[in-house]
Amino acid sequence: MAKPFIPRDKPKSWVVFICAGLLAVLVFGPLLFLAKFVDSGALFSVGAAGLFVCGGSMILSWPVFMIGLLMGKYKNLPEKEWKDQVW
């Protein structure tokens, strides 16, 4: 059986941070380069907005994860579905 893309034994804040970072690097970063290459203002706006949203998500989710980690909230975290996992 294949492993799910989103790990079930990690907190939501960690998953949001990693997914937002991957989305920024693999989608919106190259989109900005493409927009500059083809000189498209609309494409550039989409890429910049996507990077802004991903960056904001990363900035907000990282402190939530670090506070939970330092408080010991994530020790021996059991596998749960996404909706049931802790932040």
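Checked against (1) within 20 Å of the chain's Cα centre (by Cα); (2) without any contact (Cβ under 8 Å) to a residue 40 or more places away in the chain, residue 17 passes all but condition (2). None of 10, 83 is charged (D, E, K, R) and surrounded by 12 or more Cβ atoms within 10 Å (Cβ to Cβ) except 10.
Tell me the residue from 15, 53, 46, 64 that is part of a helix (DSSP H, G or I) and modelled with pLDDT of 95 or more, please. Working first, answer last.
Values: 15 fails: modelled with pLDDT of 95 or more; 46 fails: modelled with pLDDT of 95 or more; 64 fails: modelled with pLDDT of 95 or more.
Result: 53 is the single residue among 15, 53, 46, 64 that is part of a helix (DSSP H, G or I) and modelled with pLDDT of 95 or more.
When the residues of region 26-57 are filtered to those that are under 30 Å from residue 79 (Cα atoms) and touching a helix residue (DSSP H, G or I) at 6+ places or on another chain (Cβ under 9 Å), which remaining residue is surrounded by the fewest Cβ atoms within 10 Å (Cβ to Cβ)? Top of the filtered list is 56.
Taking interchain pairs and intrachain pairs at least six residues apart, which have beta carbon atoms under 7 angstrom, with the first residue in region 65-77 and of a type in the set (Lys, Arg) and the second at pLDDT 90 or above and part of a loop (DSSP other than H, G, I, E, B)? Partner pairs satisfying both residue conditions: none exist.
Candidates in region 70-79 are the residues that are of a type outside the set (Gly, Ala, Ser) and either modelled with pLDDT of 90 or more or loosely packed, with under 12 Cβ neighbours inside 10 Å (or both); of these, the one that is nearest to residue 19 (Cα to Cα) is 79.
The values are calculated or read from the model by the stated rules, or taken from the named source; none is laboratory data. What you are looking at is a predicted structure, and each value in this text was computed from that prediction instead of being measured. Reconstructed Cβ throughout: ideal geometry from the backbone, glycine too, with neighbour counts over all protein chains shown.
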